[in-house]
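Asker: Here you go, one structure.
The values are calculated or read from the model by the stated rules, or taken from the named source; none is laboratory data. Everything numeric in this text was worked out from a predicted model, so none of it was measured. When we count neighbours, we look across all protein chains shown, and the Cβ atoms used for this are built from the backbone with ideal geometry, even at glycine. To get the accessible areas, we keep the full protein, side chains included, count just its heavy atoms, and leave off ligands, DNA and RNA. Shrake-Rupley method; radii C 1.70, N 1.55, O 1.52, S 1.80 Å.
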Amino acid sequence: MLTYVLAAIAAISMIVGGIGIMNIMWVTVVERTQEIGIRRTVGSRRRDIFQQFVAEAVALSMLSGFLGVGGALVLTYVVGVAFGVGPAWRASRIETLNALRYE
């Protein structure tokens, strides 16, 4: 059951991320309408323009994914250090004889 809940959360996150990328690409198309017109005037095919914008969307999503994974790795390291310092400090302060006598 927990696996299904986590899969649903992941799916919702992917959909939200996809909607964000779609919104960014809509804005990009609107802002670059004149550039698209110029490219069409000098001979670019619709397919060329289509491929350019799909490639930009893929690059944007991959960059976002890499940043997300990198951020998760850094955050995991920080959490590990933050919560491991106390026990590590306590372990380093234990006296040898007391440790050997401990049952």
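Asker: Could you give me the residue pairs with C-beta distances under 7 Å whose first residue belongs to the range 38-54 and is in contact (Cβ under 8 Å) with a residue 24 or more places away in the chain, whose second residue is open to solvent by 40 Å² or more (accessible area, probe 1.4 Å) wherever it lies, and which are 6+ apart or on separate chains?
Answerer: From residues that are in contact (Cβ under 8 Å) with a residue 24 or more places away in the chain, the pairs are F53/V29.
Asker: Could you please let me know if S13 is part of a loop (DSSP other than H, G, I, E, B) and either open to solvent by less than 70 Å² (accessible area, probe 1.4 Å) or without any contact (Cβ under 8 Å) to a residue 60 or more places away in the chain (or both)?
Answerer: No, not satisfied.
Asker: Follow-up. So for the range 27-39 (the condition being among the basic types (K, R), outside any loop (DSSP other than H, G, I, E, B) and in contact with a helix residue (DSSP H, G or I) (Cβ under 7 Å, 6 or more places away or on another chain)), does at least one residue qualify?
Answerer: yes
Asker: Here's a follow-up. Restricting the search to the range 41-70, which residues are of a type outside the set (A, V, I, L, M, F, W, C), open to solvent by less than 40 Å² (accessible area, probe 1.4 Å) and either part of a helix (DSSP H, G or I) or farther than 23 Å from V30 by Cβ (or both)?
Answerer: G65, G70
Asker: May I pose another question? So which residues in the range 5-44 are under 15 Å from G65 (Cα atoms) and either hydrophobic (A, V, I, L, M, F, W, C) or touching a Lys or Arg at 6+ places or on another chain (Cβ under 7 Å) (or both), if there are any at all?
Answerer: A10, A11, M14, I15, V16, I19, I21
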